[in-house]
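Scroll down for the structure; my scribbles are underneath it.
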Amino acid sequence: MIPGARLIILGRQGAGKGTQCVRLSRHFVVPHISTGDMLRASVREGSELGRMAKKVMDSGGLVGDDIMVGIVEERLNHGDARTRGYILDGFPRTVPQAIALDDITTERPIHCVIDLDVPREMVLRRISSRRVCRDCGTNYVAADTEKHQWICEVCGGEVLQRDDDTPEAINRRLDLYEEQTSPLIEHYGADGRLVVVDGVASPDLVFLRLIAAVEAARRPG
Ligand code: AMP
């Protein structure tokens with residue numbers, strides 16, 4: 001167990017980030033902070049933020065940097081994140097978000113940024129068969145879901161295809177990743193905090209690679 005680990009997991013949507021982050025957060029006993037999950041919770045609540053975010057998310061676009069930075073800053077100030085650390089999933093997604101995060105975390109800096117690397121063609125195939133529990137966010141592949149009669153094994157919630165997993169929205173998100181998010185690899189690479197983990201393997205093997213990367217980054221010296 002690594003107390004107080006502060007991690008960012010980058011990677012294309014559909015690279016298996018969400019599922020791996022859930023596993024990592026259980027393994028290292030640190031909160032999993034997913035900005036996508038936070039926005040989807042606002043959509044379910046029907047808040048003003050949720051109504052605005054739904055339109056953007058369904059089209060495959062990105063919610064504005066100022067809004068996202070505000071949401072994350074507020075979340076990182078909660079007691080659990082301050083004491084236990086956190087795994088950031090889906091944030092930052094743009095260079096301005098990363099710069100704002102550097103400012104927010106000057107006192108307690110991020111230890112390690114992992115780029116979970118899966119090629120575009122492969123994530124396109126994966127996202128098309130992705131199904132997600134609307135309550136707890138557990139990911140499934142379509143064939144599995146049919147077997148489980150659309151009920152989540154973890155919490156009993158409804159398992160559905162995400163509204164933003166249409167082919168148009170998926171392609172737009174992947175284009176935006178290349179334009180806006182992939183420059184973060186240079187941003188974090190420049191100061192030596194970036195570790196690239198090959199995400200093309202079985203989920204269990206990728207998980208072991210991620211644990212090894214985090215442990216190596218947190219080893220003293
Ligand atoms: P995710 O669950 O990470 O795939 O995020 C789902 C959607 O939420 C994205 O396609 C964006 O529309 C929005 N979103 C999540 N995180 C961010 C962020 N850091 N910046 C802008 N938009 C975001």
Calculate what fraction, in whole %, of the accessible area of segment 6-218 sits on carbon and sulfur atoms when a 1.4 Å probe is rolled over the protein chains.
52 percent
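Full-extension gain between residue 186 and residue 201, please, as 0.36 nm times their residue separation minus the C-alpha to C-alpha distance. Each step should come with its number before you reach the end.
Numbers: separation 15, 0.36 × 15 = 5.40 nm, distance 2.45 nm.
Residue separation times 0.36 nm, minus the Cα-Cα distance, leaves 2.9 nm.
With a cut-off of 8 Å between alpha carbons and a minimum separation of six or more residues, what is the relative contact order of the chain in percent? Write out the running numbers ahead of the final one.
Numbers: 324 pairs, mean separation 64.1, N = 221.
Here the relative contact order equals 29 percent.
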Quick one: check the C-alpha center-to-center distance for segment 157-221 versus segment 104-133, whole angstrom.
3 Å
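Please compute the volume of the convex hull spanned by the alpha-carbon atoms of segment 6-218 and report it per residue in Å³. Show your work: numbers first, answer last.
Working: hull volume 25.3 nm³, N = 213.
It comes to 119 Å³ per residue, whole-number rounded.
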Can you list which of the GluC sites (Glu not before Pro) found in segment 130-217 are DSSP loop residues with at most 16 other C-beta atoms within 10 Å?
153
With the Cα gyration tensor of segment 85-128 in hand, convert its eigenvalues to equivalent ellipsoid semi-axes via √(5λ) and list them largest first in whole Å.
27, 12, 8
Every cysteine in the chain with no other Cys Cβ under 4.7 Å from its Cβ, please list them in numeric order.
21, 112
When the chain is modelled as a GNM with alpha-carbon springs shorter than 10 Å, which of 32, 78, 111 fluctuates the most?
78
Mind listing the phi-derived Karplus ³J(HN,Hα) values for segment 122-135, rounded to whole Hz, using 6.51, -1.76 and 1.60 with θ = phi - 60°, and x for any glycine or proline?
6, 5, 4, 5, 5, 5, 4, 9, 6, 10, 9, 6, 6, 8
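What 222 nm value per residue comes from the helices of the chain, counting each DSSP H run with n ≥ 4 as -39,500 (n - 2.57) and dividing by all residues, nearest 500 deg cm²/dmol?
On the way: 11 runs with 111 residues, N = 221.
Taken over the chain, the calculation gives -15000 deg cm²/dmol.
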Residue-normalised value, i.e. accessible area per residue, for segment 23-106 at 1.4 Å probe, in Å², stands at 46 Å²
Each label point is 7 Å from the Cα along the Cα-to-Cβ direction; what then is the distance between the points at residue 55 and residue 141, in nm?
3.7 nm
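The values are calculated or read from the model by the stated rules, or taken from the named source; none is laboratory data. Keep in mind it's a predicted model, so treat the numbers as computed, not measured. Ideal geometry is used to build each Cβ from the backbone, glycine not excepted, and the neighbour counts take in all protein chains shown. Each accessible area value is taken on the protein alone, full model and side chains, heavy atoms only, with ligands, DNA and RNA left out. Shrake-Rupley method; radii C 1.70, N 1.55, O 1.52, S 1.80 Å.
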